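First up is the structure itself, then whatever we jot down about it.
The values are calculated or read from the model by the stated rules, or taken from the named source; none is laboratory data. Keep in mind that this is a model prediction, so the values were computed, not measured. Neighbour counts run over all protein chains shown; Cβ positions are idealised from the backbone, glycine included. Calculation scope for accessible area: heavy atoms of the full protein, side chains included, ligands and nucleic acids excluded. Shrake-Rupley method; radii C 1.70, N 1.55, O 1.52, S 1.80 Å.
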Amino acid sequence: MRKTVITAGNILTPLGDLDSTWQGLLAGRSGLRVQGLGAGGMNFPLGFIEGLEGDVGSLGRQESLFSHLVEQMPKIPSSTALFCATTKAAVDELSLETEAAEGQPWQIAETLAQRLGIRGEVKTVSAACVSSLVAMIQGAMAIQSGKCDRALVIGFDLLSEFVVSGFASLKGLSQELPKPYDKERSGLALADGAGWALLAAEEVLGDDEERLACMGNWGMSCDATHITAPCRNGSGLGRLLEQITNQCVAKIGGINGHGTATVYNDAMELLAFGRLTENTIPLCSVKGSLGHSLAAAGIIEAMLSVKSLKHQLLPPTVGLKEPEETCLRLSGLKPLPLLYPSVLTCNSGFGGINAGLLLTPA
């Protein structure tokens, strides 16, 4: 069975690119600011990527994001498979009085493939807030099965009036900075986010190609309990963890959790993670600093987990002051060392869908 390696990647968040975001997390910085957008003018913490042109929710802003992403990438072989993840894309364009809205989820993958000169398999992945992590897993599965030697995964979502208003109507947004895994958590914060990762079969890599991390075991599940809420006893995430640990030789050194700072998500995660044999595993969430970027969250957190693997540290959980009761070790004001050289990154989404990926040294 072929081993899949992450050879390159980068992200864009309210704190900047991968290096800037990592340093900002270690310093306990937040990229969120309380401001108004949609939802009848109410103010919420929001996170914007700096330097993008165009109006919020517009095709122009999305195109500006793609330009920034493409500038970061090396030359992509034309035979590379492309897996593109998004939930809403330029959804606000649908509210404009135009003949044909552009930049929608079903159009993006082909547009990016043409832009990058990719002629391999092209797929769109839209699986709520686990979209880009599922896209990474699908890329690894395609490589593992021999369908392709290399895969490019791109995940993104940008703030829009439609999305902010929708989450506000669900009463899911906090009006103060979010507090993941905190007893006083009151809701999530939305933000821009994007990232890309190049995956390859280890056997096709040249001597001069970098090997950032190995995609070890992974898992996916769906508890199908509720359209927006997770199963209260963590059944879906629990099955996912069983998939990973039952097939895994490497022990889990740390967990980068979904950690949205909503009451039920965080409680469900702490319950499911607490059932792991190594119940002192360190756990963090980056969403108190970066906000929740929906489809982009998975690839952003996977690339930050690559950083954790390199430095053997989980970053602080910005916003966490009074930790919820748990047998896990929650990172608060300070980073935590990994127990072993491996990091598990997990995401959960609407409909009860869950995805997880264990990263190990390449």
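Please work out if D223 is charged (D, E, K, R) and buried (at least 24 other Cβ atoms within 10 Å of the Cβ). Steps first, please.
Values: charged (D, E, K, R): yes; buried (at least 24 other Cβ atoms within 10 Å of the Cβ): no.
It is false that D223 is charged (D, E, K, R) and buried (at least 24 other Cβ atoms within 10 Å of the Cβ).
Only residues that are open to solvent by 10 Å² or more (accessible area, probe 1.4 Å), hydrophobic (A, V, I, L, M, F, W, C) and within 22 Å of I137 (Cβ to Cβ): list them for the stretch 174-212, please.
If the condition is that a residue be open to solvent by 10 Å² or more (accessible area, probe 1.4 Å), hydrophobic (A, V, I, L, M, F, W, C) and within 22 Å of I137 (Cβ to Cβ), then L198, V204, L205, L212 are the ones that fit.
For the stretch 247-264, which positions are modelled with pLDDT under 95 and not in a loop (DSSP other than H, G, I, E, B)?
Correct list: V263, Y264.
Assess whether G139 counts as being assigned to a helix (DSSP H, G or I), of a type outside the set (S, T, N, Q) and open to solvent by 20 Å² or more (accessible area, probe 1.4 Å).
Numbers: assigned to a helix (DSSP H, G or I): yes; of a type outside the set (S, T, N, Q): yes; open to solvent by 20 Å² or more (accessible area, probe 1.4 Å): no.
No.
Looking only at the stretch 112-132, how many residues end up being more than 16 Å from G193 (Cβ to Cβ) and not in a loop (DSSP other than H, G, I, E, B)? Can you show your working first?
Quick first cut of the stretch 112-132, residues more than 16 Å from G193 (Cβ to Cβ) only: 112-124.
If we keep only those that are not in a loop (DSSP other than H, G, I, E, B) as well, we get 112-116, 122-124.
Number of matching residues: 8.
Consider D149 carefully, then state whether it is of a type in the set (D, E), open to solvent by 20 Å² or more (accessible area, probe 1.4 Å), within 30 Å of M1 (Cβ to Cβ) and modelled with pLDDT under 95.
On the way: of a type in the set (D, E): yes; open to solvent by 20 Å² or more (accessible area, probe 1.4 Å): yes; within 30 Å of M1 (Cβ to Cβ): yes; modelled with pLDDT under 95: no.
No: the conditions fail for D149.
Might you let me know whether the stretch 309-321 holds any residue that is among the small types (G, A, S), touching a Ser or Thr at 6+ places or on another chain (Cβ under 8 Å) and closer than 22 Å to G9 by Cβ? Step through it out loud before you land on a result.
To start, the set of residues in the stretch 309-321 that are among the small types (G, A, S) comprises 319.
Narrowing further to those that are touching a Ser or Thr at 6+ places or on another chain (Cβ under 8 Å): 319.
Restricting the remaining residues to those that are closer than 22 Å to G9 by Cβ gives none.
No, the conditions are met nowhere in the stretch 309-321.
Restricting to the stretch 301-327, name every residue that is open to solvent by less than 30 Å² (accessible area, probe 1.4 Å) and closer than 18 Å to T262 by Cβ.
Matches in the stretch 301-327: E301, T317, V318, G319, L320.
Would it be correct to say that I108 is modelled with pLDDT of 95 or more, of a type in the set (A, V, I, L, M, F, W, C) and either on the phi < 0 side of the Ramachandran plot or touching a Cys at 6+ places or on another chain (Cβ under 9 Å) (or both)? Step through it out loud before you land on a result.
Working: modelled with pLDDT of 95 or more: no; of a type in the set (A, V, I, L, M, F, W, C): yes; either on the phi < 0 side of the Ramachandran plot or touching a Cys at 6+ places or on another chain (Cβ under 9 Å) (or both): yes.
Here the answer is no, as I108 does not meet what is asked.
Please count how many residues of the stretch 331-360 are out of contact with any Gly (no Cβ under 6 Å at 6 or more places or on another chain), open to solvent by 30 Å² or more (accessible area, probe 1.4 Å) and either modelled with pLDDT under 95 or of a type in the set (F, W, Y) (or both).
4
Among (1) touching an Asp or Glu at 6+ places or on another chain (Cβ under 7 Å); (2) outside any loop (DSSP other than H, G, I, E, B); (3) open to solvent by 60 Å² or more (accessible area, probe 1.4 Å), which single condition is L237 missing?
Status for L237: all satisfied but (3).
Of the conditions (1) surrounded by 19 or more Cβ atoms within 10 Å (Cβ to Cβ); (2) at pLDDT 90 or above, A90 fails just one. Which one is it?
Of (1) surrounded by 19 or more Cβ atoms within 10 Å (Cβ to Cβ); (2) at pLDDT 90 or above, only one is false for A90: (2).
Taking the stretch 278-325, which residues are at positive phi and either free of Cβ contacts under 8 Å to residues at least 24 places away in the same chain or not aliphatic (A, V, I, L, M) (or both)?
Correct list: G291, Q312, G319.
Answer yes if at least one residue in the stretch 159-173 is surrounded by fewer than 24 Cβ atoms within 10 Å (Cβ to Cβ), part of a loop (DSSP other than H, G, I, E, B) and at pLDDT 95 or above, and no otherwise.
So far as the stretch 159-173 goes, no, none of its residues is surrounded by fewer than 24 Cβ atoms within 10 Å (Cβ to Cβ), part of a loop (DSSP other than H, G, I, E, B) and at pLDDT 95 or above.
It is to be established whether one or more residues within the stretch 68-81 are on the phi < 0 side of the Ramachandran plot, of a type in the set (A, V, I, L, M) and open to solvent by less than 10 Å² (accessible area, probe 1.4 Å). First the steps, then the outcome.
Residues of the stretch 68-81 that are on the phi < 0 side of the Ramachandran plot, as a first pass: 68-81.
Restricting the remaining residues to those that are of a type in the set (A, V, I, L, M) gives 69-70, 73, 76, 81.
Among the residues that remain, those that are also open to solvent by less than 10 Å² (accessible area, probe 1.4 Å) are: 69, 81.
Checked against the condition, which is being on the phi < 0 side of the Ramachandran plot, of a type in the set (A, V, I, L, M) and open to solvent by less than 10 Å² (accessible area, probe 1.4 Å), the stretch 68-81 yields at least one hit.
Would you check which residues across the stretch 125-144 are without any contact (Cβ under 8 Å) to a residue 60 or more places away in the chain and polar (S, T, N, Q) and list them?
Answer for the stretch 125-144, where residues must be without any contact (Cβ under 8 Å) to a residue 60 or more places away in the chain and polar (S, T, N, Q): just Q138.
Taking S20 as the residue in question, decide whether it is buried (at least 18 other Cβ atoms within 10 Å of the Cβ) and either within 14 Å of A90 (Cβ to Cβ) or without any contact (Cβ under 8 Å) to a residue 40 or more places away in the chain (or both). Lay out the reasoning, then the answer.
Details: buried (at least 18 other Cβ atoms within 10 Å of the Cβ): no; either within 14 Å of A90 (Cβ to Cβ) or without any contact (Cβ under 8 Å) to a residue 40 or more places away in the chain (or both): yes.
No.
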